[in-house]
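Colleague: Have a look at the structure that comes next, please.
The values are calculated or read from the model by the stated rules, or taken from the named source; none is laboratory data. Fair warning: this is a prediction, and the values are worked out from it, not measured in the lab. So basically every Cβ, Gly included, is an ideal-geometry build from the backbone, and we count neighbours across all protein chains shown. When the accessible area is computed, the model is the full protein with side chains, heavy atoms only, and any ligands, DNA or RNA have been set aside. Shrake-Rupley method; radii C 1.70, N 1.55, O 1.52, S 1.80 Å.
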Amino acid sequence: MSLAQGRPYLAIPGPSTVPDRVLAAMHRPAPNIYAGGLVEMVETLWPDLRRLAMSSGHVALYISNGHGAWEAANANLFSRGDRALVLATGRFGVAWAEHASAMGVDVEMIDFGKSTAADPGRLEAALRADRDHKIKAVLVTLVDTASSVRNDIPAMRAAIDAAGHPALLAVDGIAALGCDEFRMDDWGVDVLVSASQKGVMLPPGLGFVHFNDRALQASRTSDLATPYWRWEPRALGAEFYQHFAGTAPTHHLFGLRESLTMILEEEGLPHVWARHATLARAVWAAFAAWGQGGDIALNIADPARRAHAVTAARIGGGGATRLRAWCEQEAGVTLGIGLGMAAPTDPTYGDFLRVAHMGHVNAHMTLGALAVMEAGMQALGIAHGPGALAAAAAVIAGA
């Protein structure tokens with residue numbers, strides 16, 4: 001008998017749960033886009049978007065998803081034939097490289113696999129080998145949404161500096177911003193790309209690109225940026241419409257105002273980071289217990305390199321796919337697919353899943369998802385160790 005009636009829970013790594021307050025803020029008649037309340041409200045967004053990224057630089061907003069934010073960064077950073085060095089730690093690192101290559105950028109990629117963080121030593125060596133300084137920028141994910149690897153961004157900056165290389169550092173923070181700790185200025189990041197549908201707690205539709213003066217200066221010689229994607233008018237334009245290259249994404253902006261208030265003013269960014277870290281540890285504790293009695297394991301062995309926004313895991317013998325189907329159909333909980341972990345023709349294709357704990361998520365949501373997963377394992381006869389829910393509850397209690 002299905003017990004999936006009631007409010008469903010989407011535990012996938014984006015789109016994340018949208019707070020009712022944000023939905024309510026968006027539920028209004030279309031506003032005047034030339035003067036008045038909308039224009040005045042949008043002026044309050046720019047300083048708060050900087051606060052969200054811990055940045056004193058510029059921010060451009062695009063009507064796009066994360067892939068659009070990638071394109072904006074690529075278009076402004078590079079001219080056709082420029083070289084990028086991409087550090088890939090999962091499907092999204094590889095995809096950013098493919099995206100840049102398709103735009104005409106000469107891409108060199110160091111692929112660290114799907115379960116290992118980027119090695120700053122290898123980055124430093126690659127930059128030292130580039131004696132002519134042809135590499136214009138290093139691209140890396142803070143959190144790869146597919147693998148749940150969390151890279152050490154300050155170590156990447158230190159490696160670039162140790163090599164004495166002028167390359168810019170561009171970071172994909174799409175899965176991480178508003179979840180994992182990120183300090184753009186303090187960590188020496190030149191460009192940050194992110195989007196609205198994860199830690200920012202909005203529906204998909206907004207892409208954000210933060211950039212500093214160094215990146216701005218480099219962009220002025222780029223020949224890839226078309227009028228729509230060029231970031232300078234969006235960040236520095238004197239007219240309201242220039243921020244959006246035309247009509248503003250009105251209702252997303254009202255939702256953004258509400259979500260930023262919730263994150264920055266009411267909860268506070270340090271608490272947001274701490275909440276995500278605690279919920280992540282609860283998920284890890286459950287998997288550690290399950291793994292004692294079954295073919296179950298987290299994708300990232302080193303806790304220091306695990307994301308606080310999403311957890312990728314393996315349940316062997318196709319158990320992950322069977323469990324995902326049971327949780328959604330029988331209990332109303334949707335878990336994430338194991339994106340990019342194995343090809344559809346690979347026998348292990350059904351062994352991977354992801355549990356998201358990003359954005360508007362609290363203890364009962366995470367504990368509830370874990371309890372449903374354990375019920376599914378019991379119903380499906382998936383071997384697993386005991387004590388997972390007690391272990392997760394102990395993490396929450398200890399917080």
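Colleague: Would you mind calculating the gained length between Asp132 and Ala342 on full extension (0.36 nm times residue separation, minus the Cα-Cα distance), in nm to one decimal? Mind dumping the intermediate values first?
Modeller: Working: separation 210, 0.36 × 210 = 75.60 nm, distance 3.76 nm.
Residue separation times 0.36 nm, minus the Cα-Cα distance, leaves 71.8 nm.
Colleague: For the chain, modelled as a Gaussian network with Cα springs under 10 Å, which listed residue fluctuates most, Val59, Val86, Val39?
Modeller: Highest fluctuation among the options: Val39.
Colleague: Springs between alpha-carbon atoms under 10 Å, Gaussian network over the chain: tell me which of Glu98, Glu265, Glu374 tops the mean-square fluctuations.
Modeller: Maximum fluctuation in the GNM of the chain, among the listed residues, is at Glu265.
Colleague: Note down the relative contact order for the chain as a percent, whole number, built from C-alpha pairs under 8 angstrom at least six residues apart. Can you show the working numbers first?
Modeller: Working: 857 pairs, mean separation 93.5, N = 399.
Reported relative contact order: 23 percent.
Colleague: DSSP beta bridges in the chain, what fraction antiparallel, as a percent rounded to 5? Please list the in-between numbers first.
Modeller: Working: 24 of 46 bridges.
Among the beta bridges of the chain, antiparallel pairing accounts for roughly 50 percent.
Colleague: Turning to a different aspect of this structure: Please compute the length gained on full extension between Ala238 and Glu43, using 0.36 nm multiplied by the number of residues separating them and subtracting their Cα-Cα distance.
Modeller: 69.0 nm
Colleague: In whole Å, how far is the Cα centre of segment 11-81 from that of segment 211-289?
Modeller: Answer, in whole Å: 5.
Colleague: Show that you can apply the helix-only estimate: for the chain, add -39,500 (n - 2.57) for every DSSP H stretch of four or more residues, divide by all residues, and state [θ] at 222 nm to the nearest 500.
Modeller: The helix contribution divided over the chain gives -12000 deg cm²/dmol.
Colleague: Same structure again: For a label point 7 angstrom out from the Cα of Ala394 toward its Cβ, which stretches of segment 278-293 have the backbone nitrogen within less than 16 Å?
Modeller: So the set is 281-293.
Colleague: Let me know the charge dipole size of segment 265-345 about its Cα centre in debye, to the nearest 20, where only the beta-carbon of Lys, Arg (+1) and Asp, Glu (-1) is charged.
Modeller: On the way: 7 positive and 7 negative charges, 66 e Å.
Result for segment 265-345 is approximately 320 debye, rounded to the nearest 20.
Colleague: Still on this structure: At a Förster radius of 45 Å, what calculated FRET efficiency corresponds to the Cβ-Cβ distance of Arg7 and Ala158, to the nearest 0.05?
Modeller: Approximately 0.50, to the nearest 0.05.
Colleague: Ok, one more. Using +1 at the Cβ of each Lys and Arg and -1 at the Cβ of each Asp and Glu in the chain, identify which of Gly173, Leu370, Pro29 lies farthest towards the dipole's positive end.
Modeller: Leu370
Colleague: If you don't mind, there's one more thing I want to ask. May I ask you to give the solvent-accessible area per residue for segment 1-110, in square angstrom, as obtained with a 1.4 angstrom probe? Write out the running numbers ahead of the final one.
Modeller: On the way: 4820 Å² over 110 residues.
About 44 Å² of surface per residue is accessible.
Colleague: While we're looking at this one, here's another question. In Å², what does the accessible area per residue of segment 189-265 work out to with a 1.4 Å probe?
Modeller: 34 Å²
Colleague: If you don't mind, there's one more thing I want to ask. Among the lysines, which have Cα under 25 Å from the Cα of Lys114 when same-chain residues fewer than 8 positions away are ignored?
Modeller: Lys198
Colleague: Something else about it: Need the full-extension length gain, Ala102 to Gln292, defined as separation in residues times 0.36 nm minus the C-alpha distance. One decimal, nm.
Modeller: 63.9 nm
Colleague: Quick one: go through segment 1-30 and flag any residue whose amide nitrogen is under 15 Å from the point 7 Å out along the Cα-to-Cβ line of Thr247.
Modeller: Output list for this probe position: 29-30.
Colleague: Round to the nearest 0.05 the FRET efficiency obtained for Leu269 and His67 when R0 = 25 Å and r is the Cβ-Cβ distance.
Modeller: 0.45
Colleague: Given a 1.4 Å probe and every protein chain left where it sits, what share in percent of the accessible area of the chain is carbon and sulfur?
Modeller: Percent of accessible area from carbon and sulfur atoms in the chain: 55.
Colleague: Need one word for the chain: rounded, prolate or oblate. Basis is the Cα gyration tensor (sqrt eigenvalues a ≥ b ≥ c); a/c below 1.5 gives rounded, then a/b vs b/c decides. Mind dumping the intermediate values first?
Modeller: Numbers: a/c = 2.00, a/b = 1.30, b/c = 1.54.
It comes out oblate by the Cα gyration axes.
Colleague: Next question, about the same structure. For the chain, list the DSSP H helices whose alpha carbon atoms reach 27 Å or more along the long axis and whose average Kyte-Doolittle value is 0.5 or above?
Modeller: Span-like helices in the chain: 269-290.
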